[in-house]
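For reference, the structure is listed below as structure tokens.
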Amino acid sequence: VLPRDIGFGRPGLHSRLDALNEDWFNEMRAGLPGAKEAVEDWPGFLAAAGLTDVRSRTFLVDLPAPLGADARAYVQAQLARQHEAAEERLDAEDRAALGRLLDPEDPQGLMRRPDVFLLSARTVHTAVKPA
């Protein structure tokens, strides 16, 4: 959603947020009762559950900068959620950078920056329960 170097804080903020999110998810998953390690093969999981006609489709969203108001609000909400989830694990410099990015009055905040974009891919897996 942002360039690697946003002009303040350490470059690579979004990559660090993604890494913290991965760490959180892995810890949460490992802490579930009866958790087992498994390769995340969703089509395989669906087929092993007895479902048929297993399909996968990936949807790409590519909205270049500058973003319109709705897309910008979406990016703001997503980053705010990531910030909330990772806040305790962030160092002071990254917390300060996120604070600026999420501040609607800051000229370098997400709501005012001309370089905010949205690039995302989501894969959906579907299958059919046999009659």
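The values are calculated or read from the model by the stated rules, or taken from the named source; none is laboratory data. It should be emphasised that the depicted structure is a prediction, and the values quoted were computed from it without experimental measurement. As a convention, Cβ positions derive from the backbone with ideal geometry for all residues, glycine included, and neighbour counts pool all protein chains shown. Surface accessibility is based on the protein's heavy atoms, side chains included, excluding ligands, DNA and RNA. Shrake-Rupley method; radii C 1.70, N 1.55, O 1.52, S 1.80 Å.
Points worth noting:
- Residue in the range 70-93 that is more than 22 Å from residue 22 (Cβ to Cβ), in contact with an Asp or Glu (Cβ under 8 Å, 6 or more places away or on another chain) and surrounded by 11 or more Cβ atoms within 10 Å (Cβ to Cβ) present: no
- Scanning the range 117-131 for residues that are surrounded by fewer than 11 Cβ atoms within 10 Å (Cβ to Cβ) and assigned to a strand (DSSP E or B) yields a total of 5.
- Residue match in the range 95-116 (condition: farther than 24 Å from residue 5 by Cβ, open to solvent by 40 Å² or more (accessible area, probe 1.4 Å) and out of contact with any Phe, Trp or Tyr (no Cβ under 6 Å at 6 or more places or on another chain)): no
- Hey, residue 87 closer than 21 Å to residue 24 by Cβ and assigned to a helix (DSSP H, G or I) or not: yes
- Residue 59 satisfies every condition listed in (1) of a type outside the set (S, T, N, Q); (2) in a strand (DSSP E or B); (3) surrounded by 10 or more Cβ atoms within 10 Å (Cβ to Cβ) except (3).
- Check on residue 24, touching a His at 6+ places or on another chain (Cβ under 9 Å) and either open to solvent by 70 Å² or more (accessible area, probe 1.4 Å) or modelled with pLDDT under 95 (or both): no
- Among residues of the range 32-53, those that are over 21 Å from residue 127 (Cβ atoms), hydrophobic (A, V, I, L, M, F, W, C) and open to solvent by 70 Å² or more (accessible area, probe 1.4 Å), counted: 1
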